[in-house]
Amino acid sequence: MKTPRGGVGRRRFRRALLSGMSAAALLLAGCSAGDGDRQGEEDKAAGDTTCDGRIEGTAHITMWFHAGQSGEQSTLRSQVEEFNKAQRQVRVELVTLPEQRPYTELVLSAAASGDLPDLLDFDGPNLYSYAWSGKLRPIDSCVPAEVREDLLPSIREQGTYDRRLWGVGTFDSGLGLYVRPSVLEEAGVRIPRGIEDAWTADELTGILRELRAEGYEAPLDLNFHDSKLADEWNTYAFAPAVWSAGGDLIDPEEFRTADGFLNGPETAGALTTMQSWVEKGYVDRGKDESAFVKGRSPISWMGHWKYGEYSEAHPGDIALVPLPDFGTGTVTGMGSWQWGIPSGAADGDAVWRFLEYLLRPEQVLRMSEANGAIPATERAVKMSAPYDEDGPERLFIEQLRGGVARPRPQTPAYPAVTQAFARAVAEVVFAGAPAKKTLDQAVEDIDKDLAAHDGYPESKP
């Protein structure tokens, strides 16, 4: 599983916003990297000349897109076609990739042979490894101040490495607990009102016990089954429990070691609490992902992409509440797929011309309508009913704006970190392994990778 993206497509965005637009008008602003609101001279001084404000002649660019759900692919394909029809200066080709090989494997193979496209999408946390190893170019000189300011803070944070901007996304993700209010009210369980009112982990333990007494044999769905033994879901979904407890996956300041952080008492305590839920039988261990939909579990630890399916299964009986507080307040995950410009791209300005088009509010909403994800810009959020003051998914945007959403570790060592942590979660939480011993092994694996790369110095040798 890659970073969570969209789910069941929803038709909440009024199509009049699209049908009434002139395609040519969309592109009049173009890409003007020389505008005064750019970081211009500062970026040049920092070695970023990705965009200089000029496109010579007709530029032809290629782009790759991961094999996401059909709604995402068909929407992007239409966006490419409409962009190409609306102007003549930049021609975009969406390359179809073989689905037999994992997307990240294709990217790494192409990078090694110098065959990356001009525009690449990638799983957000991989940005730091790609940037450090020279696979991407910084895009500070491409992104105007007004566009940067319109991005959700989580999008800017996800796209930043070594104080530079390397990627932007057109949507973000949301994570929380889906609950069925009718079930909780019948059991006399309070329903949190927002991020300041989350259940504590101990409180959730008591709620699960109460729901068991009400007849729900396994009242909590953690979206785990055997195929996810070391899946990215484990890191995206359960690192927030560690952070909430005061632990971490790696030294969050220097990223030089995982020792004392991943194997610290806070991390071990959080995973042990979750382990107890599994051992007591409170967690659904079905072979499918339908515990909540089929009514086996009235609480689901899940992301935004399930909202459509869940609300269809239980009309009028769905609410979103924050993840439990393990000691320092609720924390949630963030981050999704992003766009970046590979180091071998022919013309950064031409690439940005198309990226700027994708970041226009009507196009952002068009994609979020297709995949159910959180729109990446403030202007698009304001136009999206699910996230307004009384919207059913308001919690997701409040978390992204309110400082309780955290990116996964922003280090080039992330591939090693997530592999080690995801495996530890599977072994401790779901297989009952001793937390400290298992986490010590995960630390050893991560620190071995750090040592092999000299700690990933900010300027790659």
*Order of 295-303, 341-349 by packing, highest average Cβ count within 10 Å first?*
295-303, 341-349
*Cα axis of helix 70-86 to longest principal axis of the chain: angle in degrees, 0 to 90, nearest 10?*
20
*At R0 = 41 Å, FRET efficiency that the Cβ-Cβ distance of residue 85 and residue 203 yields, to 0.05*: 0.15
*State the antiparallel share, in %, of DSSP beta bridges confined to the chain, rounding to the nearest 5.*
60
_Degrees separating the helix 414-425 axis from the principal Cα axis of the chain, which is the longest one_ = 20
*Dividing the alpha-carbon radius of gyration of the chain by 2.2 N^0.38 Å (N being the number of residues), what value is obtained?*
0.98
*Average accessible surface area per residue within the stretch 191-289, 1.4 Å rolling probe, Å²*: 40
*Any idea how far apart residue 56 and residue 149 come out in nm if each label point goes 7 Å out from Cα toward Cβ?*
3.4
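What 222 nm value per residue comes from the helices of the chain, counting each DSSP H run with n ≥ 4 as -39,500 (n - 2.57) and dividing by all residues, nearest 500 deg cm²/dmol?
When only DSSP H runs of four or more count, the value is -11000 deg cm²/dmol.
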*Return the whole-Å distance between the Cα centroid of the stretch 120-160 and the Cα centroid of the stretch 431-453.*
29
*Which whole-number percent of Cα pairs in the stretch 130-192 have a distance greater than 18 Å?*
54
*Leaving out ligands, DNA and RNA, what percent of the accessible area of the chain is carbon and sulfur, probe 1.4 Å?*
47
*Does anyone have the angle between helix 232-245 and the longest principal axis of the chain? Alpha-carbon axes, 0 to 90°, nearest 10?*
60
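Report the local net charge at residue 278: Lys and Arg +1, Asp and Glu -1, summed over other residues whose C-beta lies under 13 Å from its C-beta. Provide the component values of the computation, followed by the final result.
On the way: positive: 280, 285; negative: 221, 279, 284, 427.
Here the count lands on -2.
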_Taking 8 Å as the Cα distance limit and 6 or more residues as the minimum spacing, I'd like the relative contact order of the stretch 368-461 as a percentage._
17
*Compute the relative contact order of the chain as a whole-number percentage, counting only Cα pairs closer than 8 Å that sit 6 or more residues apart in sequence.*
29
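The values are calculated or read from the model by the stated rules, or taken from the named source; none is laboratory data. Just so we're clear, the structure is a prediction, and the values are computed from it rather than from any experiment. All Cβ positions, even for glycine, are placed from backbone atoms using ideal geometry, and neighbour counts span all protein chains on display. Areas reflect the complete protein model, heavy atoms only, side chains present, ligands, DNA and RNA absent. Shrake-Rupley method; radii C 1.70, N 1.55, O 1.52, S 1.80 Å.
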